[in-house]
Amino acid sequence: MKTAVYQEFLQSHGLAPPSLHVVLGSGFGTALSAFPWEKVGELSFASVPGLHASTVPDHAGKYSFYRKGNQVVSFQMGRLHGYEGHAPDEVTRTVMIPRLAGVKNFLLTNAAGGLSLAYQSGDVMLLRDHVNLTGMNPLRGPNPRGLDGAELGPRFPDMSRVYDARWRAQLHKACLQQGLRVHEGVYLGILGPSFETPAEVQLFSSWGLHAVGMSTVWEAIALKHSGARLAALSLISNPGAGLVAGTALDHLEILETCRASATRIVGAIQSFVEEGL
Ligand code: HPA
């Protein structure tokens with residue numbers, strides 16, 4: 001994996017590897033304008049060898065770096081998805097390049113459909129766990145190696161505690177303080193791009209899963225394998241198809257619903273970082 005451009009970018013801007021890398025998913029496109037730290041640079045996916053430009057509306061495809069004192073946080077604006085035609089390792093490269101360049105802490109965000117009747121649009125769900133139903137795994141093939149050539153993690157990595165429990169509790173509190181409704185639950189990752197049928201939503205809901213989306217699980221698996229510390233959250237943008245009679249799903253409407261909550265979530269992320277990871 002080529003990390004030189006990312007590392008040279010940090011060096012030329014006098015930046016240490018970020019203490020947290022945040023992936024901002026669908027609906028978060030404009031939420032960062034309220035983040036009050038000093039913006040110190042931007043690196044587009046297009047200028048990093050091995051990364052592809054995103055094809056999805058609201059996914060800019062760049063890293064934005066912010067500094068407060070000597071702390072640096074990077075926000076990844078947009079991600080790549082399997083449904084765009086990218087292989088799992090192409091998707092995870094967007095987080096594994098920072099990981100190999102020395103970043104240890106990650107927060108993944110996404111927009112997701114609610115599978116629980118208790119979830120409303122605009123709510124937040126902190127991931128307790130996930131189910132990977134994409135049929136693919138980013139660790140398929142030779143066991144990924146670091147810059148020194150050593151394997152990043154075991155061939156059969158344990159996935160029993162992917163999402164850090166202490167961070168989940170801290171983020172839960174920070175989201176409540178922002179006036180958000182907060183849940184903790186299990187995220188179901190599917191490939192997309194079609195939304196689920198009502199029959200699928202009924203099935204997934206009867207399995208006890210709480211939210212469904214088209215991202216996050218591959219990044220989480222690759223990061224956990226490499227020993228990174230991570231948390232993830234879903235912004236519930238809509239009830240799963242068929243859960244509420246007479247509604248159809250529309251991507252642009254989903255983005256609109258997300259905007260107000262996304263700004264509050266960015267506020268919660270700010271308190272989370274400032275209170276110490
Ligand atoms: N299903 C899958 N992915 C999604 C949804 C959904 O209902 N909403 C936002 N992303």
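Which translational diffusion coefficient, to the nearest whole µm²/s, is obtained for segment 150-277 from the Stokes-Einstein equation, given a Kirkwood hydrodynamic radius over C-alpha pairs, 4 °C and 1.567 mPa s?
Numbers: Rh = 16.5 Å.
For these conditions, the coefficient is 78 µm²/s.
Considering the options ALA101, ALA220, THR30, tell which one lies farthest towards the positive end of the dipole of the chain, charges being +1 on Lys and Arg and -1 on Asp and Glu at the Cβ, about the Cα centre.
ALA101
Rounded to the nearest 10 Å², what accessible area does ARG67 have for a 1.4 Å probe in the complete protein model?
70
Pick out, from TYR163, GLY114, ALA53, the residue whose Cα sits farthest towards the positive end of the charge dipole of segment 12-170, with +1 on the Cβ of Lys and Arg and -1 on the Cβ of Asp and Glu.
So the residue we want is TYR163.
If you consider only alpha-carbon coordinates, what radius of gyration and Dmax does segment 5-53 have, in Å?
12.4, 31
At a threshold of 8 angstrom on Cα-Cα distance, excluding pairs fewer than six apart, so keeping six or more, what relative contact order does the chain reach in percent? Numbers along the way, then the final one.
Values: 573 pairs, mean separation 72.0, N = 277.
Relative CO of the chain lands at 26 percent.
Give the long-range amide H neighbours of LEU233: residues separated by 5 or more places, or on another chain, with amide H under 5 Å away, using H modelled in the peptide plane at 1.01 Å from N.
LEU108, THR109, ASN110, LEU127
Which of the helices in the chain meet the span-like rule: DSSP H, Cα axial reach of 20 Å or more, Kyte-Doolittle mean at least -0.5?
Those that pass (Cα extent of 20 Å or more, hydropathy at least -0.5) are 251-274.
May I ask you to give the percent of accessible area on the chain that is carbon plus sulfur, with a probe radius of 1.4 Å?
Details: 6080 of 11540 Å².
The nonpolar share, carbon plus sulfur, comes to 53 percent.
P(r) for segment 233-277: what percent of alpha-carbon pairs falls in each 5 Å bin, starting at zero?
Taking every Cα pair in segment 233-277, the percentages come to 5, 19, 21, 18, 13, 9, 8, 5, 2.
Hey, what's the Kirkwood Rh for the chain if you take every pair of different alpha carbons, in angstrom? Can you show the working numbers first?
Working: mean 1/r = 0.0534 Å⁻¹.
Over the chain, the inverse of the mean reciprocal pair distance is 18.7 Å.
For the chain, with every protein chain kept in place, what is the accessible area per residue (1.4 Å probe, Å²)?
Details: 11540 Å² over 277 residues.
I get 42 Å² per residue for this part.
Arranged from highest to lowest average of other beta-carbon atoms within 10 Å per residue, in what order do the peptides 158-171, 217-230 appear? Don't skip to the answer; put the middle values down first.
Numbers: 158-171: 15.1, 217-230: 23.1.
Answer by packing, highest mean first, reads 217-230, 158-171.
Calculate the length of the line joining the C-alpha centroid of segment 55-105 to that of segment 195-242, in whole Å.
19
With no solvent and one point on each alpha carbon, what is the Debye value of log10 I(q)/I(0) for segment 1-119 at q = 0.11, 0.18 Å⁻¹?
Evaluating at q = 0.11, 0.18 Å⁻¹ gives log10 I(q)/I(0) of -0.36, -0.93.
If the elastic network links every pair of Cα atoms under 10 Å, which of GLY29, GLY189, GLY41 fluctuates the most in the Gaussian network model of the chain?
Answer for the Gaussian network model of the chain: GLY41.
Got a sec? Charge dipole of segment 191-277, +1 on Cβ for Lys and Arg, -1 for Asp and Glu; which of THR263, VAL273, GLY242 is way out at the positive end?
Comparing the listed Cα positions along the dipole, VAL273 ranks first.
Obtain the radius of gyration and the Kirkwood radius of segment 175-246 from its C-alpha atoms and give Rg over Rh.
Details: Rg = 14.1 Å, Rh = 13.9 Å.
Here the Rg-to-Rh quotient is 1.01.
Among LEU188, LEU252, LEU139, whose mean-square fluctuation peaks in a Gaussian network model of the chain (Cα, cutoff 10 Å)?
Greatest mean-square fluctuation among the candidates belongs to LEU252.
Order 15-24, 68-77 from most to least packed using the mean count of other Cβ atoms within 10 Å.
Values: 15-24: 21.3, 68-77: 19.2.
Order by mean packing, descending: 15-24, 68-77.
For the chain, with a Gaussian network of springs between Cα atoms less than 10 Å apart, report the residue from GLY114, GLY242, GLY122 with the top mean-square fluctuation.
Of the options given, GLY242 has the highest mean-square fluctuation.
What's the magnitude of the charge dipole for the chain around its Cα centre, counting Lys and Arg as +1 and Asp and Glu as -1 at the beta-carbon? Answer in Debye, nearest 20.
Computed about the Cα centre, the dipole is about 680 debye.
When all protein chains stay in place, what accessible area (Å², nearest 10, 1.4 Å probe) is found for GLU275?
130
How big is the convex hull of the Cα atoms of segment 47-100, per residue, in Å³?
Numbers: hull volume 4.5 nm³, N = 54.
Expressed per residue, the convex hull around the Cα atoms of segment 47-100 is 83 Å³.
Defining a contact as two alpha carbons under 8 Å apart and six or more residues distant in sequence, what relative contact order in percent does segment 44-150 show?
That works out to 18 percent.
The values are calculated or read from the model by the stated rules, or taken from the named source; none is laboratory data. Model, not experiment: these values are computed from the prediction. Cβ coordinates were reconstructed from backbone atoms using ideal geometry, including for glycine residues, and neighbour counts include every protein chain displayed. Side chains included, ligands, DNA and RNA excluded: accessible areas come from the protein's heavy atoms. Shrake-Rupley method; radii C 1.70, N 1.55, O 1.52, S 1.80 Å.
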